[in-house]
1. Quick one: order Thr336, Thr256 by neighbouring beta-carbon count within 10 Å, fewest to most.
2. Mean Kyte-Doolittle of at least 1.0 and a Cα length of 18 Å or more along the axis: which whole DSSP H helices of the chain meet both?
3. At q = 0.07, 0.14 Å⁻¹, what is the base-10 log of I(q)/I(0) for the chain according to the Debye formula with one equal point scatterer per Cα and no solvent? Please give it to two decimals.
4. Mind checking the full-extension length gain between Ser316 and Ala12? Use 0.36 nm per residue of separation minus the Cα-Cα distance, one decimal, nm.
5. Over 14 Å, how big is the tail of the calculated P(r) for the stretch 58-124, in percent of all Cα pairs?
6. Under Stokes-Einstein, with the Kirkwood radius over Cα pairs standing in for Rh, what whole-number D in µm²/s applies to the stretch 138-291 at 10 °C and 1.306 mPa s?
7. Mind giving me the FRET efficiency for Gln170 and Arg265? R0 is 30 Å, r the Cβ-Cβ distance, nearest 0.05 is fine.
8. Work out the FRET efficiency for Lys227 and Arg328 from their Cβ-Cβ distance, taking R0 = 22 Å, and round it to the nearest 0.05.
Amino acid sequence: MRFHLPKAIQGALLVAGSLVLSMLLAEAAAREFLPQPYRPAQTSMHQNGFDVVLGRLHRPDAKIGWVLSPDPKQFHHRRSDDKGVVAFDVVYSLAAGKRQIPAVPLSGPLLIATGCSFTFGHGLNDADTWPAQLQQKLPNYRVVSVAAIGYGTDQALLAAERELQQHKGQIGGVVLGFADFHIQRNRSAQSWLVTAYPFSKPLFALRSGKVEYQGQVRYWEGGLAVKYSDLFAHILNVSANRVYRIPSYENARELTVGLICDFARRWRSQGVRLAVAVLPHMGDQESKSRADREFVVGRLLAAGIPTLTPNFPRRSNGTLVTDFRLSRIDGHPSRTYNSLLSEQMVPFLKTAGIVGFDSQYR
C-alpha cells in the first residue's frame with residue numbers, strides 16, 4: 001500500500017524546497033561575486049584589538065557617539081606583530097575625559113586641539129602627541145586635547161564645541177587636525193560604523209546648503225543569520241544605509257566642508273577662531289586622497305578659514321619617509337612627525353591670529 005501526501009502538502013514542500021535552493025544559490029552567488037560584507041569581528045581594526053582599546057578608553061555619549069572616560073586612568077597600550085616584534089609600548093594618561101598634556105600652565109588662553117587618533121596620539125606617550133609638542137612651544141597658552149580614537153570631523157568639532165562652552169571667554173582658538181580619510185567617516189555608513197561597534201555615531205546632512213544634525217546612527221548587527229550568511233549581511237548593510245539616508249561620497253565631501261565652515265562661523269560670532277591643520281598620512285599620495293585634499297583645502301581657504309598644509313620630507317614616490325610612522329605595522333604618526341608638525345604650526349597659528357606674535361616661543 002502506497003502512501004500519498006495530499007496535493008496541498010506536496011505543493012507546499014515543493015515551494016519550500018525551491019525557496020531553500022534559491023537561498024542557497026543566492027548565498028553562493030553572494031560569496032562568489034560580492035565583496036565581503038561588514039561584520040565587527042572581520043574588520044582589520046577589530047582584529048588588531050581596536051575594539052578593546054576603544055571600549056576601555058571610551059564611554060557612550062548621546063551626542064558625540066563616544067568620548068574618553070572621565071575617570072582618571074593610566075592605560076597601558078602595547079602592540080606587537082605576529083612574530084612578537086613590539087610596535088609600541090606606551091601609557092595614555094586620562095583625566096576629566098581628555099588625554100593629559102604634561103606641563104600645562106594654570107593660566108593663559110586655552111587652545112583646543114581636536115581630531116582623531118592622529119591628534120589623540122595613538123601609540124605614543126603623553127609628551128609625544130602634537131598637542132603636547134605644541135604646548136612645549138607655547139608655554140603662555142594652555143593646550144587641551146579633546147581628540148579621541150576613531151573620530152570623524154563631525155565628532156571632533158562637536159567635542160571642541162562642548163569644551164568651548166565650558167570655558168567661555170577663555171578660548172584663544174581651536175585647532176582641528178583633519179585628514180582626508182575623515183570624509184568616509186563623516187558619511188556614517190555601515191562600512192565605518194562597524195569599526196566603532198557597538199558605539200553609535202552622529203549623522204549630519206546638508207539641507208539647502210545648511211548642515212543639519214539628523215541624530216545618532218549605529219551598525220546593524222543582525223544576529224546569527226547575518227553572522228553566518230554573507231547574503232543577509234549584505235542585505236542588512238545596504239538596508240541600514242538606505243534607512244539612515246547615508247550620503248554618497250561626493251556629497252560627504254561637501255558635507256565635510258560644510259561642517260567645518262558652519263562651526264567656524266558659529267565660533268567666530270563668539271570671538272573664537274578655528275584653524276585647520278591637514279595631517280599627512282602614509283596613503284595620502286593616492287590620487288583619490290590628493291583630489292579630496294585639494295577639494296577641501298581649496299574650499300576652506302575660499303571661506304577664509306586658516307588652513308595649514310605642512311611640508312614633510314617624502315620619498316621619490318611621494319610617500320612619507322619611515323621616520324614619520326610608528327612602526328612597520330602601524331602607520332600612525334611618530335614623535336618625529338608630531339615635532340615637525342608642531343614646529344610648522346606655531347608660525348601658522350600666529351599668522352592666523354590665533355596665537356599672538358608677542359607670545360613666548362621655545
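Every read-out reported here was derived from the displayed coordinates using simple, explicitly stated rules and does not represent laboratory data. Remember, it's a predicted structure, so these values are computed and weren't measured experimentally. FYI the Cβ positions are ideal-geometry reconstructions off the backbone, even for glycines, and counts take in every protein chain you see.
1. In order of increasing Cβ crowding within 10 Å: Thr336, Thr256.
2. Going by DSSP H runs, the hits are 7-33.
3. -0.35, -1.22
4. 102.7 nm
5. That tail contains 69 percent of the Cα-Cα pairs.
6. It diffuses with D of about 93 µm²/s by this estimate.
7. Here the calculated transfer efficiency is 0.90.
8. With a Förster radius of 22 Å, E is 0.10.
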